[in-house]
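J.: Okay, here's the structure, questions in a sec.
The values are calculated or read from the model by the stated rules, or taken from the named source; none is laboratory data. Just so you know, these numbers come straight off a predicted model, no measurement behind them. All Cβ positions, glycine included, derive from the backbone under ideal geometry; neighbour counts span all protein chains shown. Just so you know, the surface numbers come from the protein's heavy atoms only, side chains and all, with ligands and any DNA or RNA stripped out. Shrake-Rupley method; radii C 1.70, N 1.55, O 1.52, S 1.80 Å.
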Amino acid sequence: MFSFNPVRSPLDVIPDGAMLRSVTAQPARVGGRDCLRVQLERAVAEGVPGVDYIDQPTFVILPIEFLDGRIEVDIRSRLTADAPELARGFAGLAYRIAEDCSRFESVYVRPLNGRKVNPPAPRAGRAIQYFAYPEWPFDRIRNEFPPERFEAGADIGPDEWITLAIDVRHDRVRVTVNGAEQLLIPETLASPEPGRVGLFVDIGTDALFSNLVVSAR
């Protein structure tokens with residue numbers, strides 16, 4: 001059962017007590033909506049893949065403790081002007097972030113792999129990604145599991161508001177996008193331990209976040 005008193009934030013400013021890990025964050029107003037713009041720090045974006053970015057602890061850490069429950073946020077993601085060819089607009093949620101950032105889990109979207117842009121195969125099935133830091137980045141997951149186990153397609157595209165929600169119960173995660181279930185993971189790749197909630201962003205991405213709601217079980 002969810003808490004009767006969920007934590008809500010419009011994300012129109014950097015929340016009090018938030019910490020920035022390898023990212024910049026600033027209030028923005030886009031399309032008539034107040035939101036928070038998050039990007040990688042320049043030095044991080046110019047760093048080493050798999051060390052400084054690509055499924056690394058690059059997020060705004062929020063002062064919200066979380067183990068099980070539901071996290072929902074609106075995301076509007078697009079490429080930066082200097083985005084590398086591999087960029088797909090990576091933005092999403094991190095959760096169960098350890099105090100020292102040595103572990104966390106994440107679900108993020110890749111809007112440039114969304115069906116609305118008609119990407120080539122196999123990208124059409126890679127609009128949503130789960131990973132578990134540090135042992136299970138996306139590339140290892142792809143090498144060791146069937147493609148539908150931790151990734152899924154979605155009817156999304158870049159530079160549009162997307163509502164991403166994750167329902168977490170122990171080692172089970174259900175992912176919905178714009179109210180429709182897109183990915184169900186019956187067994188995740190990390191042991192369930194409490195931690196913080198974060199706004200995740202990766203290489204070449206200009207990410208906007210709005211309307212966060214966190215409900216704990």
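J.: Taking the Cα centre of each part, how many Å lie between the range 96-149 and the range 1-43?
T.: That distance is 22 Å.
J.: Still on this structure: 7 Å from Cα along Cα→Cβ at both Glu99 and Arg140: what's the point-to-point distance in nm?
T.: 2.5
J.: Hey, can you rank 43-53, 28-38 by average C-beta count inside 10 Å, highest first?
T.: 28-38, 43-53
J.: Also, I was wondering about something else. Identify which of the listed values of Cα Rg over 2.2 N^0.38 Å was calculated from the structure shown: (1) 1.14; (2) 0.92; (3) 1.00.
T.: The listed entry that was calculated here is (2).
J.: In deg cm²/dmol, rounded to 500, what helix-only [θ] at 222 nm does the chain give when every DSSP H run of at least 4 residues adds -39500 (n - 2.57) and the total is split over its residues?
T.: The helix-only estimate for the chain comes to -1000 deg cm²/dmol at 222 nm.
J.: Let me ask another. May I ask you to compute the full-extension gain from Ser191 to Gln26, defined as 0.36 nm times their residue separation minus their alpha-carbon distance, rounded to one decimal in nm? Intermediate values should be presented prior to the final figure.
T.: Values: separation 165, 0.36 × 165 = 59.40 nm, distance 3.29 nm.
Full extension of this stretch gives 56.1 nm more.
J.: Counting other C-beta atoms within 10 Å, and keeping those with at most 15, which DSSP coil GluC sites (Glu not before Pro) do you find in the range 75-123?
T.: Glu85, Glu99
J.: So with the 1.4 Å probe, I'd like the accessible area per residue for the chain, rounded to whole Å². Walk me through the intermediate numbers first.
T.: On the way: 9790 Å² over 217 residues.
With all protein chains present, the chain gives 45 Å² per residue.
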